[in-house]
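Down below is the structure, laid out as structure tokens.
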Amino acid sequence: MIRIEPRPQPSRLMSYLSPLIAVALTLVTGIIFSGLVGMNPLDAFHAFFIAPIDDLYGLGELGVKAAPLMLIAVGLAIGFRSNVWNIGAEGQLTAGAIVGGGLALLFYQVDGVWVLPLMVLGGAVGGMAWASIPALLKTRFNTNEILVSLMLNYVAIFLLSYLVHDPWRDPDGFNFPESRLFSDAAMLPVVLEDTRLHLGSVFALIAVVLGWVFVRKSFVGFQMQVAGLADSAALYAGFRRRRMVWIGLLVGGAMAGIAGLCEVAGPIGQLLPSVSPGYGYAAIIVAFVGRLHPVGILLASLLMSLLYLGGESAQMELGLPSAITGVFQGVLLFYLLAADMFINFRLHVVTPTVGAASGKAAS
Amino acid sequence: MTETVIGILLATLGAGTPLVFAALGELVTEKSGVLNLGVEGMMIVGAVCGFAVAAESGNLWLGVMASVLAGTGMALVFGVLTLTFQSNQVAAGLALTIFGIGLSAYIGLDYTSVALTGIANIHIPVLSDIPVAGPLLFSLDPLLYCSFLMFAAIAYFLYRTKAGLLLRAIGESPESAVSLGYPVIAIRYLAVLFGGAMAGLAGAYLALVYTPLWVEAMTAGRGWIALALVVFATWRPGRVMVGAYLFGGVTIIQFHVQGFGVDIPSQLLSMLPYLATIVVLVLISRDINAIRLNAPASLGKAYHPSV
């Protein structure tokens, strides 16, 4: 008989292995799924994981999609570590796009090297402002930050939709709900020729480094980790819970806001009613698969980016709907959560006690 | 004038009913100490499965059954993760929602432009002819009557039966319940599955009565609003009903404001239910004792009998 029993110590090995197991199981599920819907699993695998990145342009696209995920997930992980559940990255991303993109429209055709830095700052401020609402309500009124930050996702998207339908609509745009195209000074430069890989990917790498410094080297990072692992210990040590809520949400908001600005000033180049294919939600999965660690997040965001690209490629090559990406994102997180059990628990094969006792007697 | 008011009230009932189903289901789940944030995911998979089965079979009631089964199936995934595999309930609930939104978009591809005739209203003879009360209470659709029955049944179960008492006890202290010999994990499974079935029913109401259509992401955050309603109601079924119809009203008002000649852009009006959710959460949460006294004490904490 097999019994589940707690380990005396959480397994370090399992905490590194578990994401790999989850990825492998997701792959197996994908192969079985493609077989079930009558496709050659090899073709499906090729279309999903090889075809999107078999040239330089494809590799650039991998970075284009990984950059926002990396930025957001590094920020979210800092909150998650201390049990601050910011689920509002999608809204904070949108708020960053609104403020940063609004600055681009305000300084339309103004040529100046200061325009872009101002927009990046605007993106961060927009995201932080949006995240400050759940932070304020949590610290002042004890309001659940999960529900508030999530509600604000819908509000931000309606706000953006209103802006591009009415006040910020392109005057020469035949009434389409979209803003003017940003002028060149307001666009992030491409960092790798012949691709769309833009400066945002550099921001993302900087975020990973800063995130690592914050987690490993700063006292606040340490306090937040303690609070996440043992709230009462943190309280006893006199760490201020409110400050952690504020930091967790503001850092997450700033990163998501910059990610949003990078989307509109990078691959999109204008404001549209929708500026993100769910990066704010996917980044939650990236943060978990990356073990809330900046380096893990770097790898996980590349993987998640490949899932997005694979979904698009499978749509073109196999006629599969791109919604399949969301399904596999969810499946990946399911497997990860299940595999994580074995960090704290192990399977113990129980030999029947009666047999053991009689064996002893015989010897 | 009376016609208009009756119309608005009926629309409010309709808009509130998906929230009634989903929030009552989540209430039972949370009373057992389990926080399932996947309501949105269970609801939307329920909606698409109900719609697809109804469209294929031509039988609306088969659709409703499919919704219930689909919601239950989704809840089973959550149950296995959190109750058997001891996962973090917040993370598992989020995963369920992300998965559900993707899965529903995939299943629903062929049904986006399909039209269905929704479930018809039942006109109770004689009673439905009473002015005002007749149309408001005695000629509603069968699922709406079902929501009233579910409310009565859940309130009775939780506060008037031994099984209900046991469920609440497990939510307060699973350790004590186990030491008395009750199968805590099994009972929590049942509570989670019931929550899923109710979320599926909420999806059925949306896709087969309220719209009746399938549109991608059509639940539009109603699952999350239902979660907020449970907090707003401080875990009491009666207040869940009040809250659900209040939100139904807020949803309906946005369609009528412009009719009254108030010129507000539709996108800003669409924000109303979400902003209202935040406002009521603030109002109820600022009284920290109301939350502490009423929330099940073990809510959201993983529990393993051998720990």
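The values are calculated or read from the model by the stated rules, or taken from the named source; none is laboratory data. Note that the structure is a prediction, hence the values are computed from the model and not measured. Neighbour counts are summed over all protein chains in view; Cβ atoms, including those assigned to glycine, are modelled from backbone coordinates with ideal geometry. Side chains are part of the model used for accessible areas, which takes the heavy atoms of the whole protein and leaves out ligands, DNA and RNA. Shrake-Rupley method; radii C 1.70, N 1.55, O 1.52, S 1.80 Å.
Please tell me if A:LEU20 is more than 28 Å from A:LEU93 (Cβ to Cβ) and open to solvent by less than 70 Å² (accessible area, probe 1.4 Å).
no
Filter the stretch B:210-223 for residues that are out of contact with any Ser or Thr (no Cβ under 8 Å at 6 or more places or on another chain) and buried (at least 20 other Cβ atoms within 10 Å of the Cβ); which is modelled with the highest pLDDT?
Checking each candidate, the answer is B:ARG222.
With the stretch A:134-247 as the region, which helices (runs of 4 or more DSSP H) entirely inside it contain at least 2 residues that are closer than 30 Å to B:GLY221 by Cα and small (Gly, Ala, Ser)?
The qualifying helices (runs of 4 or more DSSP H) are A:145-165.
Among the candidates A:ALA356, A:ALA314, which residue alone is surrounded by fewer than 18 Cβ atoms within 10 Å (Cβ to Cβ) and at pLDDT below 85?
A:ALA356
Out of the helices (runs of 4 or more DSSP H) lying entirely within the stretch B:193-307, which hold 1 or more residues that are touching a residue at least 24 places away in the same chain (Cβ under 8 Å) and within 30 Å of A:LEU229 (Cα to Cα)? First the steps, then the outcome.
On the way: elements: B:222-232, B:237-257, B:266-270, B:272-285, B:288-294.
Because the criterion is at least 1 residues that are touching a residue at least 24 places away in the same chain (Cβ under 8 Å) and within 30 Å of A:LEU229 (Cα to Cα), the helices (runs of 4 or more DSSP H) in the stretch B:193-307 that meet it are B:222-232, B:272-285, B:288-294.
Out of contact with any helix residue (DSSP H, G or I) (no Cβ under 8 Å at 6 or more places or on another chain) and in contact (Cβ under 8 Å) with a residue 60 or more places away in the chain: is that true of B:THR112 in this structure?
yes
Taking the stated definitions as given, is A:VAL64 closer than 30 Å to A:LEU250 by Cβ, touching a residue at least 60 places away in the same chain (Cβ under 8 Å), open to solvent by less than 70 Å² (accessible area, probe 1.4 Å) and not in a helix (DSSP H, G or I)?
Spelling it out, it is not the case that A:VAL64 is closer than 30 Å to A:LEU250 by Cβ, touching a residue at least 60 places away in the same chain (Cβ under 8 Å), open to solvent by less than 70 Å² (accessible area, probe 1.4 Å) and not in a helix (DSSP H, G or I).
Just to check your reading of the model, which residue among B:SER128, B:SER87, B:SER139, B:SER147 is at the interface with chain A (Cβ under 8 Å from one of its Cβ atoms), polar (S, T, N, Q) and surrounded by 15 or more Cβ atoms within 10 Å (Cβ to Cβ)?
On inspection, the qualifying residue turns out to be B:SER87.
Name the one entry in B:LEU94, B:LEU83 that is assigned to a helix (DSSP H, G or I), out of contact with any strand residue (DSSP E or B) (no Cβ under 8 Å at 6 or more places or on another chain), over 26 Å from A:LEU347 (Cα atoms) and at pLDDT below 95.
Just one listed residue meets the conditions, B:LEU94.
Just the residues that are open to solvent by less than 10 Å² (accessible area, probe 1.4 Å), more than 17 Å from A:TRP130 (Cα to Cα) and not in a helix (DSSP H, G or I), please, taken from the stretch A:67-99.
Within the stretch A:67-99, just A:SER82 meets the criteria.
Among the listed residues A:GLY296, A:GLY311, A:GLY326, A:GLY319, which satisfies the condition of being more than 19 Å from B:ALA217 (Cβ to Cβ) and within 14 Å of another protein chain (Cβ to nearest Cβ)? Give the derivation first.
Numbers: A:GLY296 fails: within 14 Å of another protein chain (Cβ to nearest Cβ); A:GLY311 fails: more than 19 Å from B:ALA217 (Cβ to Cβ); A:GLY326 fails: more than 19 Å from B:ALA217 (Cβ to Cβ).
Selected residue: A:GLY319, the only one of A:GLY296, A:GLY311, A:GLY326, A:GLY319 that is more than 19 Å from B:ALA217 (Cβ to Cβ) and within 14 Å of another protein chain (Cβ to nearest Cβ).
Could we say that B:THR112 is of a type in the set (S, T, N, Q) and more than 23 Å from B:ALA191 (Cα to Cα) here?
Taking the combined requirement at face value, the residue satisfies it.
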